[in-house]
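The values are calculated or read from the model by the stated rules, or taken from the named source; none is laboratory data. Because the structure is predicted, anything quoted here is derived from the model rather than measured. Please note: Cβ atoms are built from the backbone with ideal geometry, for glycine as well, and neighbour counts cover all protein chains shown. The protein model used for the area step is the full one, side chains on, heavy atoms only, and it has no ligands, DNA or RNA in it. Shrake-Rupley method; radii C 1.70, N 1.55, O 1.52, S 1.80 Å.
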Amino acid sequence: MTAFLATGGRVLTPASRDATALTHENGLIVWAGSDAPGPALFPGAEQVDLEGDWVAPAFVECLPEGLDPAVAAAGGVVPAGLPGAHGLDEVEERVRAGERVVLDDTVDPARLATELTRLATELGGPAVARCIPVLVGGTGAGNADGDTLAALAAVGTVTLLRPLVDDLTGTDLVRIAASGVALAASTRAGDEVRPWDALRALTSVEGGRGLSPRAAFTATTRGAHRAAGAHDGTAGTLTPGTAATFARWRTGELAVVAADDAVQRWSTDPRSGVPPMPDLTGPDPVLRALVVDGLPAGPAT
């Protein structure tokens with residue numbers, strides 16, 4: 001398959017904070033960096049001018065049931081299925097069978113933590129972690145005590161937030177993340193996907209309890225991949241060797257939110273090396289293209 005070299009943009013990748021170019025081939029990211037060396041490194045690649053656009057991992061929706069794939073693609077969102085939720089009484093059977101563990105927000109996090117800890121003691125922590133336990137809805141985890149959160153984190157539990165469905169008032173997302181419990185987030189609002197509104201909801205929880213834009217974006221990309229079953233911690237990033245699944249956005253200036261006492265865990269000044277993000281106080285970025293596994297998958301404007 002032909003290699004594609006895209007230059008002249010702003011690329012969100014762990015490979016370089018200041019990347020302006022990337023190359024993908026055979027469905028994988030193979031390089032990211034500055035514009036200058038690209039043509040020499042990939043002389044036979046088909047070249048694409050990004051025209052200053054922001055290129056980042058595509059949003060991932062792991063609650064895709066009933067979602068029109070065309071609607072998702074138009075929003076820069078890639079569906080990734082999550083098994084249906086089940087009851088607490090099925091957890092032991094599923095863990096012993098090595099199956100996914102998914103529970104909804106009616107389950108008491110403390111009881112779940114007790115059950116998973118018991119199974120980890122008997123079967124070993126890795127046996128439970130391989131099932132990637134997911135607790136759908138963040139309000140329960142938000143009210144859990146520190147011991148419960150620590151126990152959930154110890155077995156690799158993911159909390160799947162629904163910021164456009166659930167009322168996150170009073171839910172301390174910073175506290176959940178600090179406990180080690182992984183955060184994922186849905187972008188759905190009914191039959192729509194509204195990823196940028198989801199980021200705004202995740203960052204605007206009152207009392208300094210919301211995430212930074214960067215942490216919120218991670219929850220809707222890498223975190224959502226994790227909830228959907230990815231064991232590779234690089235899934236949902238533009239790291240060389242990962243799937244070439246990304247979105248190209250026309251947006252204004254990128255920004256890094258300054259730290260304050262409430263959110264300094266997540267939001268730091270530019271000197272920290274934290275990559276900038278689109279300004280969520282402005283209009284939504286405009287999707288220019290969506291690429292999934294190296295192939296065009298969404299509208300380009």
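Go through the stretch 142-162 residue by residue and tally those that are open to solvent by less than 10 Å² (accessible area, probe 1.4 Å) and under 18 Å from the mean Cα position of the chain (by Cα).
The qualifying residues number 5.
If I ask for residues that are open to solvent by 20 Å² or more (accessible area, probe 1.4 Å) and not in a loop (DSSP other than H, G, I, E, B), which ones from the stretch 103-119 would you list?
Across the stretch 103-119, the qualifying residues are ALA110, ARG111, THR114, GLU115, THR117, ARG118.
Residue under question is VAL136, and the condition is that it be of a type outside the set (Lys, Arg), within 20 Å of GLY223 (Cβ to Cβ), in contact with an Asp or Glu (Cβ under 6 Å, 6 or more places away or on another chain) and surrounded by 16 or more Cβ atoms within 10 Å (Cβ to Cβ); does it hold?
When the stated conditions are applied, VAL136 passes them.
Going through the stretch 153-211 one residue at a time, which ones are touching a strand residue (DSSP E or B) at 6+ places or on another chain (Cβ under 9 Å), assigned to a loop (DSSP other than H, G, I, E, B) and either within 22 Å of ALA58 (Cβ to Cβ) or free of Cβ contacts under 8 Å to residues at least 24 places away in the same chain (or both)?
ARG162, PRO163, LEU164, VAL165, SER186, THR187, ARG194, LEU211
When the residues of the stretch 236-284 are filtered to those that are of a type in the set (A, V, I, L, M) and at pLDDT 95 or above, which remaining residue is farthest from ALA297 (Cα to Cα)?
Step by step, filter the stretch 236-284, then rank; the result is LEU238.
Name the one entry in PRO126, PRO79 that is open to solvent by 30 Å² or more (accessible area, probe 1.4 Å), closer than 25 Å to ALA243 by Cα and free of Cβ contacts under 8 Å to residues at least 60 places away in the same chain.
From the options PRO126, PRO79, the qualifying one is PRO79.
Just to be sure before I move on: is GLY66 in contact with an Asp or Glu (Cβ under 9 Å, 6 or more places away or on another chain), farther than 17 Å from ALA244 by Cβ and open to solvent by 60 Å² or more (accessible area, probe 1.4 Å) in the structure I sent?
The answer is yes for GLY66.
Go through the stretch 231-249 and give me each residue that's open to solvent by less than 50 Å² (accessible area, probe 1.4 Å), small (Gly, Ala, Ser) and touching a residue at least 24 places away in the same chain (Cβ under 8 Å).
Matches in the stretch 231-249: GLY236, ALA243, ALA244, ALA247.
Hey, VAL181 hits all of (1) under 25 Å from GLY66 (Cβ atoms); (2) under 17 Å from the mean Cα position of the chain (by Cα); (3) open to solvent by less than 30 Å² (accessible area, probe 1.4 Å) but one; which does it fall short on?
(1)
Mind checking which residues of the stretch 1-33 are assigned to a loop (DSSP other than H, G, I, E, B) and open to solvent by 60 Å² or more (accessible area, probe 1.4 Å)?
The answer is MET1, THR2, PRO14, ARG17, ASP18, ASN26.
Counting only residues that are in contact (Cβ under 8 Å) with a residue 40 or more places away in the chain, under 21 Å from THR251 (Cβ atoms) and out of contact with any helix residue (DSSP H, G or I) (no Cβ under 6 Å at 6 or more places or on another chain), how many does the stretch 1-23 have?
Qualifying residue count for the region: 11.
Go through GLY252, GLY210 for me and flag whichever is farther than 25 Å from ASP293 by Cβ, crowded, with 22+ Cβ neighbours inside 10 Å and of a type outside the set (Val, Ile, Thr).
So the residue among GLY252, GLY210 that is farther than 25 Å from ASP293 by Cβ, crowded, with 22+ Cβ neighbours inside 10 Å and of a type outside the set (Val, Ile, Thr) is GLY210.
Among the residues of the stretch 44-60, are any surrounded by fewer than 15 Cβ atoms within 10 Å (Cβ to Cβ), without any contact (Cβ under 8 Å) to a residue 24 or more places away in the chain and part of a loop (DSSP other than H, G, I, E, B)?
No, the stretch 44-60 has no match at all.
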